[in-house]
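Colleague: A single structure is presented below for examination.
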Amino acid sequence: MKYRIGTRGSKLALVQAEYVCSRLARAYPEDVFEIQIIKTKGDLVLDKPLYEIGDKGVFVKEIEEKLLSGEIQIGVHSMKDMPALPAPGLMFAKAWKREDPRDVLILREKKSLWELPKGAVIGTGSRRREYQLKRLRPDLVITGIRGNIDTRLRKMEEERLDGIVLAAAGLHRLNMQEKITQYLETEEMIPAPAQGILALEISEGSEKLLHMLNAFSEEETVLAAEAERGFLQEMGGNCHTPVGAVLKKRPDGLCRLDAMFGDEKGIRQAYVSVSGNDPAELAQKAAFRIRQQIAGKVFLTGAGPGDPGLITVKGLQTIREADCIIYDRLAAPELLEEAKPGCEKIYAGKENHHHTLTQDEIHQLLLKKSMEYEKTVRLKGGDVYVFGRGGEEGVFLKKHGVPFEVVPGVSSCMAGLAYGGIPITHRGVSLGFHVVTAHDRRDQLSDIDFQAMAKGKETCVFLMGLRKVKEIADRLLEAGMPANTKTAVISHATMPEQQTCVADLEHIAEAVTQAELSSPALIVVGEVVSLREELNFFERRPLFGKHYLIPRIGEKHTRLGRLLEQQGACVDEVQVGKIQSKKRVFYVEEFEQVDWLVFTSKNGVESFFQSVKESDLDLRRLAGCKIAAIGEKTAELLKSYGIYADLIPDAFHSDALAEKLKEYLTGSECVWYLKAQNADSHLKEALEAFCNFEEIPIYENCAVAPDLDQVRSLGEYNGILFTCASSASRLTASLKENLDSCKKIYSIGPKTTSFLRKSGVEHISEAEYATYESLAACVVQED
């Protein structure tokens, strides 16, 4: 049999492959063994540290691809370069006897680490080595260095480095021991997991070859590989995080695993030592103690039933402070907008067996992020513990040494009923309630005590049971519950899309089918349903059941959308632009010449004060300037900076501002208009004859290609609301339909209305005042 052995082409990699090849050839003379050189990404990119070019697989992927294709039969690697698990379809043979696992110093002049002068420069491309060197000698300067051993030795001389750090194993295999200045004992520097061990990788199912390779294994090295790589796997380590582990036999026969782990910046580091005989248990114990020392806290936060306004005060606080949010399908998207800039957001939703991540994967993700961040929020719809698997996640975190807190949320079993006009209890009608999940983990009907439900007078609530309405009703009827028992099914409870279907128990399944309800939905059975006509506040709001479209500037949901939703509307928003501040340096001398600053939007205010801050100017330099502003919201934002507007026109548009400002002008004043780069010059044309008028572009309203996938056909909307001419221009340019196909068009003010009319739109409802509140009131009045 002919076996091809794949390896990288470096001198060290070839020596390792030749060692394996020669041992196999001697042991199995009837077979042929030959070496095939394979270039990997790690060999091709030599000008960056490993943590900048990819995961630990940068030296592995190409070799594994050839193993899977059958082009080679054995891959020889340094085990420390391997990911925690082999690629699917591949496996490792048992480890052969280990070379020296220690790291070593090669110094250009001095004889030991301790003789190096203060500020000495040491080269290494490993964060693990860097952080441990700095722990021994905080004064050292660490610089990145890559390449094979000869390249690193040459760079040390050329760049006049004081020294470099390498693995003893490589130098030993190359017979270069004379280059070593000092061995760093494992108590001083914990090596990379499995350093000095060769990884022999083969295809799964190659049983004969596996038996041949395992014949050379050595028990102590096998234990070391299992414990050290087990720790690596437990920690989810990769080349972005410094991780070390080394197993040694103690004189009493027990094994001792020394391990270290740190974050990417080296701010948090932990070191542990554990003893025992089982390598898997040692790995788990070491990982547990590491997490106890440096893991950030995980907050299991209930997001509420859907309405973002039902988040608790503490729940909102955890979102705003989170470094990472792992969120479910039922968590309101608006809540994510409360996260601080830079917060990592990861979707982990589940729907009808279509899981973004399995529960086990979510568990591992929580562990991983707890080691990366101080505060990780697991945001779960409803309440964390009400059929939310929060208990499982808490138990898992506790078992693995990660601190956590639970922030309860409002459950749909109460809030959903309330928004449907149904109290879960009511004096004289229902003195208690049953709340159950309608399906088990096999998606079968849960093992529910229907007899107890049928005989009692408590309210019965079934969560996640839309597809089992008929089965639930039949089982309750079989158990003796009266056929005329009031029953309701509430779909998308607490959301603008909420639908409620009411019937008696005998006919509820038929009614739900006719209503074409969609999940998520909850089922409520009991006489409290009869109170719905008196208590139904949510579905009686003026805009309930109506749909509106708002083209918006910016990524966040608009306040206008929230105003409509408060009146019951279902609102779709599509981004058509974004605000980009323009860099503008201001000088004290300029402000001394300015008499009036004019702001027509909040964007102008924010961009102006950002530029003032970046110009290192004291706000008191504005003392000689008067301020004009369009709109109460613009004026309110100015107040947040400690500035009170001197002039606010009664009507919130540029014509009104111009007419009012003229009353204060004598012709000599310097007026600055802080405007958008692409705004028109209407205000300048109105005022330049009355003052020294200057336009100062301070931001730009940049176009964004609308994502129309989530936009309905225009005929399905009760109206489209335009808040500026640019939004109208961008949306109409992107739509294939004519705006007239929508039932109504709403405009915030004259300029927007003028553009729409020029675009051929005839029937436009314009807000009385150019404010979101007035525009929302216009919609309510006309609908």
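The values are calculated or read from the model by the stated rules, or taken from the named source; none is laboratory data. The shown structure was predicted, so the numbers you read here are calculated from the model rather than taken from an experiment. In this analysis, Cβ positions are derived from the backbone assuming ideal geometry, glycine residues included, and neighbour counts consider all displayed protein chains. SASA here: full protein model, heavy atoms, side chains in, ligands and nucleic acids out. Shrake-Rupley method; radii C 1.70, N 1.55, O 1.52, S 1.80 Å.
Colleague: With G205, G244 as the choices, which residue is touching a helix residue (DSSP H, G or I) at 6+ places or on another chain (Cβ under 7 Å) and small (G, A, S)? Talk me through it step by step, then tell me what you get.
Modeller: Values: G205 fails: touching a helix residue (DSSP H, G or I) at 6+ places or on another chain (Cβ under 7 Å).
Matching residue, one of G205, G244: G244.
Colleague: Among the residues of the range 725-741, is any open to solvent by 30 Å² or more (accessible area, probe 1.4 Å), closer than 20 Å to L560 by Cβ, touching a residue at least 40 places away in the same chain (Cβ under 8 Å) and of a type in the set (V, I, T)?
Modeller: No, that holds for no residue.
Colleague: Kindly indicate the residue of the range 421-443 that is within 33 Å of the chain's Cα centre (by Cα) and not charged (D, E, K, R) and also farthest from T494 (Cα to Cα) among those meeting that condition.
Modeller: We begin by selecting, within the range 421-443, every residue within 33 Å of the chain's Cα centre (by Cα); these are 435-443.
Now restrict to residues that are not charged (D, E, K, R): 435-439.
Working: V435: 18, V436: 19, T437: 19, A438: 20, H439: 22 Å.
Filtering first and then ranking leaves H439.
Colleague: Restricting the range 750-783 to residues that are under 18 Å from H653 (Cα atoms) and assigned to a loop (DSSP other than H, G, I, E, B), which is most open to solvent (accessible area, probe 1.4 Å)?
Modeller: Ranking the qualifying residues of the range 750-783, first place goes to E768.
Colleague: Which residue pairs have Cβ atoms closer than 6 Å, lie 6 or more positions apart in sequence or on different chains, and pair a first residue in the range 744-764 that is within 23 Å of K546 (Cβ to Cβ) with a second residue that is open to solvent by less than 20 Å² (accessible area, probe 1.4 Å) and in a loop (DSSP other than H, G, I, E, B)?
Modeller: Qualifying pairs under 6 Å: I745/V761; I748/A767.
Colleague: Just give me the residues in the range 490-537 being surrounded by 20 or more Cβ atoms within 10 Å (Cβ to Cβ) and polar (S, T, N, Q), in sequence order.
Modeller: Listed by number, the residues that qualify are S491, T494, Q498, T500.
A quick yes/no check of all residues on (1) loosely packed, with under 14 Cβ neighbours inside 10 Å; (2) modelled with pLDDT under 90; (3) among the charged types (D, E, K, R):
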| site | (1), (2), (3) |
| --- | --- |
| M1 | yes, no, no |
| I5 | no, no, no |
| V15 | no, no, no |
| F33 | no, no, no |
| G54 | no, yes, no |
| L67 | no, no, no |
| Q73 | no, no, no |
| P86 | no, yes, no |
| A95 | no, no, no |
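Colleague: Please go through the range 370-423 and pick out each residue that is closer than 30 Å to R532 by Cα, touching a Lys or Arg at 6+ places or on another chain (Cβ under 9 Å) and part of a strand (DSSP E or B). Give the steps one after another, and end with the answer.
Modeller: Step one: list which residues in the range 370-423 are closer than 30 Å to R532 by Cα, which gives 380-388, 408-423.
Checking which are touching a Lys or Arg at 6+ places or on another chain (Cβ under 9 Å) leaves us with 380-381, 384, 388, 408-409, 420-422.
Residue satisfying the conditions is K380 alone.
Colleague: Taking only pairs six or more apart or across chains, which ones have beta-carbon atoms under 6 Å, a first residue in the range 507-527 that is farther than 10 Å from L463 by Cα and part of a helix (DSSP H, G or I), and a second residue that is open to solvent by less than 20 Å² (accessible area, probe 1.4 Å) and among the β-branched types (V, I, T)?
Modeller: These pairs meet every condition: I508/T487; A509/V469; V512/V469; V512/V489.
Colleague: Between a residue in the range 213-230 that is open to solvent by less than 20 Å² (accessible area, probe 1.4 Å) and any residue that is of a type in the set (D, E, K, R) and at pLDDT 95 or above, which pairs come within a Cβ distance under 7 Å, given they are 6 or more apart or on different chains?
Modeller: T221/K97; T221/R98; A224/R98
Colleague: Can you report the number of residues in the range 124-156 which are open to solvent by 40 Å² or more (accessible area, probe 1.4 Å) and more than 34 Å from the chain's Cα centre (by Cα)?
Modeller: Of the residues in the range 124-156, 9 are open to solvent by 40 Å² or more (accessible area, probe 1.4 Å) and more than 34 Å from the chain's Cα centre (by Cα).
Colleague: Just one of V410, V406 is more than 18 Å from A521 (Cα to Cα), open to solvent by 30 Å² or more (accessible area, probe 1.4 Å) and touching a residue at least 40 places away in the same chain (Cβ under 8 Å); which is it?
Modeller: On the way: V410 fails: more than 18 Å from A521 (Cα to Cα).
Going through V410, V406 in turn, the sole match is V406.
Colleague: Would you pick out the residues in the range 107-122 that are touching a helix residue (DSSP H, G or I) at 6+ places or on another chain (Cβ under 7 Å) and either under 22 Å from R8 (Cβ atoms) or surrounded by fewer than 17 Cβ atoms within 10 Å (Cβ to Cβ) (or both)? I'd like the intermediate steps shown before the answer.
Modeller: Looking only at the range 107-122, we keep the residues that are touching a helix residue (DSSP H, G or I) at 6+ places or on another chain (Cβ under 7 Å), and these are 108, 113, 122.
Within the range 107-122, just R108 meets the criteria.
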